[in-house]
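Heads up, the thing below is written out as structure tokens.
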Amino acid sequence: MEKIGRYEFRANPFHCDCTGHLFMGHLGNHMLNAADFHANDRDFGIKYLQTINKAWVLSRLAIEMEEMPQIYERFYVESWIESSMKFFTNRCFRVVNTDGKVYGHGKSIWAMIDTETRQPCNLLDIKDGELLQWELKDEPNPMGKMTRVMMSHEAELVKSIETGYNDVDINGHINSVKFIEHVMDLWETDWYCEHRLKRVDVAYVAEGHKSDRLELYREQTGEMEFCVRVCRAGADGTELCRMKLVFEN
């Protein structure tokens, strides 16, 4: 079996925004689906992990797109394991159209937890470290490194959100992509008619759970760059994730 998995998707009309291009959130879901398909095909995905009370948890995600698929367009998400360590594995993505044109790339860092204790697991204990055989260190991924999302304490509280059924995934926590969608809703539709989200970097800090109320803090850190902090509302104010978004006209 090849080390790179290639999976076909389509920009369905109800997955596209006011410009006729795929929503970033749906692209994020397609990337996570590609990761799941790749892992399951090689026997270290959800199907196997559920039998040993383990689960993958997304720690970092970065997506950088030069162009987004347009309405009805078929495209592919390619995915592979770049490297693996004791507690984390690095996974890459590439988005290409049917003619082979590269639209963009993604990078991600994943950990594995025990679903009963919620504690991290040693990846190399799973099937005697078979994950290492799928590493592909030399496959090019030209996007820049995943950057730390730095924010000051001056960020403004701009929105509070009640989460519900549609926010929670199979692992019982708020879905990784839902955070991206909630943050992108901080800008009106008119903004997206004139600006395109070129890159998003997400650092997941803690798990969010059903019925959590989220507080979103935003600050502008560059001419077309914004950072957002998502916290759990309440006395503890636990930070759940940070996000940096870079737009272009």
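Structure values in brief
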| item | result |
| --- | --- |
| Residues satisfying the stated conditions in the stretch 59-76, i.e. open to solvent by 30 Å² or more (accessible area, probe 1.4 Å) and either within 12 Å of Gly28 (Cα to Cα) or touching a Cys at 6+ places or on another chain (Cβ under 8 Å) (or both) | Glu64, Gln70, Ile71 |
| Those residues of the stretch 7-29 which are open to solvent by less than 20 Å² (accessible area, probe 1.4 Å) and either in a helix (DSSP H, G or I) or charged (D, E, K, R) (or both), in sequence order | Met24, Gly25, Leu27, Gly28 |
| Of the criteria (1) open to solvent by 50 Å² or more (accessible area, probe 1.4 Å); (2) farther than 18 Å from Tyr217 by Cα; (3) not in a helix (DSSP H, G or I), which one Val158 fails | (2) |
| Residue satisfying all of: in the stretch 31-46; touching a residue at least 60 places away in the same chain (Cβ under 8 Å) and of a type outside the set (A, V, I, L, M, F, W, C); surrounded by the fewest Cβ atoms within 10 Å (Cβ to Cβ) among these | Asp43 |
| Matching entry among Arg60, Arg91 (being outside any helix (DSSP H, G or I), farther than 23 Å from Gln133 by Cβ, touching a Ser or Thr at 6+ places or on another chain (Cβ under 7 Å) and basic (Lys, Arg)) | Arg60 |
| Members of the stretch 77-133 that are more than 22 Å from His26 (Cβ to Cβ), among the acidic types (Asp, Glu) and open to solvent by 60 Å² or more (accessible area, probe 1.4 Å) | Glu116, Asp125, Asp128, Glu130 |
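The values are calculated or read from the model by the stated rules, or taken from the named source; none is laboratory data. What you see is a predicted model; the values in this text were computed from it and never measured. Note that we place each Cβ from the backbone using ideal geometry, even for glycine, and neighbour counts take in every protein chain shown. Just the protein is used for accessible areas: all its heavy atoms, side chains included, with ligands, DNA and RNA removed. Shrake-Rupley method; radii C 1.70, N 1.55, O 1.52, S 1.80 Å.
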